[in-house]
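Engineer: One structure is given below, represented as structure tokens, and several questions about it will come after.
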Amino acid sequence: MNSQLRRRLDHITDTLWAGGVTNPVTYIEQISYLIFLKLLDEEESDRELRVRLGATGGNAKLLFPAQAERYRWSHWRFKSGNALRDFIRDEVFPYMASLARDEPEVAEYFRDAVL
């Protein structure tokens, strides 16, 4: 792990610790949810590119259809504080858990997610 990444992770864990999340298992879980959401956004970008290039015949299944674009990492990443916490907890996690029919693995991961 490079030193810049290590500093960022240390800053995140310090912030969580200061916010009352003192159990390392809990903050590792919280960070993993956020990383997973970032990876899903990257996967969605790849799917969109494949559709634009015609690699899938235009039939790619998107995780974030037009009405759900606001749940993508790239759309909320600049929020902060209570607004970020409330948005992820009250909107992003429930949306991800609702994907049971279309993306069961994603829905299962977020089924019991708590922020």
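Every number in this text was worked out from the coordinates using simple rules, so none of it is lab data. Owing to the predicted nature of the structure, the values given are computational and were not obtained by experimental measurement. Quick reminder, even Gly has a Cβ in these numbers, built from the backbone with ideal geometry, and neighbours come from all protein chains shown.
Engineer: As I understand it, the dipole of region 24-110 uses +1 on the Cβ of Lys and Arg and -1 on the Cβ of Asp and Glu, about the Cα centre. Which of 34, 98, 109 lies farthest toward its positive end?
Structural biologist: Working it through, the farthest residue towards the positive pole turns out to be 34.
Engineer: Related question: Using the crude model of +1 on Lys and Arg Cβ and -1 on Asp and Glu Cβ, and no other charge, please compute the dipole size for the chain relative to its Cα centre, in debye to 20.
Structural biologist: 320
Engineer: Fewest Cβ neighbours within 10 Å first, please rank 17, 76 accordingly. Spell out each step's value before the answer.
Structural biologist: Details: 17 13, 76 17.
Sorted ascending by nearby Cβ count, the order is 17, 76.
Engineer: With a Förster radius of 41 Å, plug the Cβ-Cβ distance of residue 90 and residue 7 into 1/(1 + (r/R0)^6) and report the FRET value to the nearest 0.05.
Structural biologist: Details: r = 30 Å, r/R0 = 0.74.
That gives a FRET efficiency of 0.85.
Engineer: log₁₀ I(q)/I(0) of the chain at q = 0.23 Å⁻¹, via Debye over equal Cα point scatterers, no solvent, to two decimals?
Structural biologist: Values returned for q = 0.23 Å⁻¹ are -1.39.
Engineer: Please check: in the Gaussian network model of the chain (C-alpha springs, under 10 Å), which one of 34, 53, 84 has the largest mean-square fluctuation.
Structural biologist: Looking only at 34, 53, 84, the largest GNM fluctuation is found for 53.
Engineer: Along the positive direction of the dipole of region 24-110 (beta-carbon charges: Lys, Arg +1; Asp, Glu -1; about the Cα centre), which of 24, 49, 62 reaches farthest?
Structural biologist: With unit charges placed on the Cβ atoms, the residue in question is 49.
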